[in-house]
1. Using square roots of five times the C-alpha gyration tensor eigenvalues, list the equivalent-ellipsoid semi-axes of region 1-75 in whole Å, biggest first.
2. Whole Å is fine, so just give me how far the alpha carbon centre of region 1-78 lies from that of region 93-158.
3. Determine the calculated [θ] at 222 nm for the chain from helices alone, applying -39500 (n - 2.57) to every DSSP H run no shorter than 4 residues and normalising by the residue count; nearest 500 deg cm²/dmol.
4. Which loop trypsin sites (Lys or Arg not before Pro) in region 55-151, with loop taken from DSSP, have no more than 14 other Cβ atoms within 10 angstrom of their Cβ?
5. At a 10 Å Cβ-Cβ cut-off, how would you order GLU101, GLU147, GLU34, fewest neighbours first?
6. Report the percentage of all Cα-Cα pairs in region 37-158 whose separation exceeds 23 Å, rounded to a whole percent.
7. So what is the relative contact order for the chain, in percent, with contacts set as C-alpha pairs under 8 Å and at least six apart?
Amino acid sequence: MDFTPTVFGNVELGTFQQTACSPAAPAAAWRGIEIAAPRQITITAGERPRVPICGYYLVPALAAIEGSPLTVRLRRLDTGAEIAGVLAEEGDNEPDVPPPEDAPEIGPEDLEGVSTGGYFNIDAQRVLTGELAQGDYEVWVSYAGTESNRLRVRIETR
């Protein structure tokens, strides 16, 4: 499997740290989601494509808690068919040490004006509900009521 640009072939997917393909963190006042993905993925016949999406998000903490989970979305450009899948974090962002039992409860009012953010590196194919075939796709991510930029990714067979 080959990627254009090639940097996407070296990314450890399923991680939550900045990588060579991560978008740069925008200015301090910015809020949203920014993603990067390869322009082209070339596979051999019968090979299941990996679709790396590297991203950065900074969203209101309350929206992250109460809003929708991180969802990968693709729309096939020739048919308009859309597929989506939800990323299950599987505890990767949980603290190593839980808070003490006598720690005060945090309510919604405590999160006013607080933002949460981080990086993610995912294989879209692993979370999608359908297989991706050769073709051109529009790719984006939604999380906590916010949508990312949209990118075009081509999957082709050699």
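1. In descending order the semi-axes read 27, 15, 10 Å.
2. 9
3. -1000 deg cm²/dmol
4. ARG150
5. Result, fewest neighbours first: GLU101, GLU147, GLU34.
6. 40
7. Relative contact order here is 35 percent.
Read-outs throughout are calculated quantities, based only on the coordinates presented, and are distinct from any laboratory measurement. Please read these numbers as outputs of a predicted model, since none were measured by experiment. Reconstructed Cβ throughout: ideal geometry from the backbone, glycine too, with neighbour counts over all protein chains shown.
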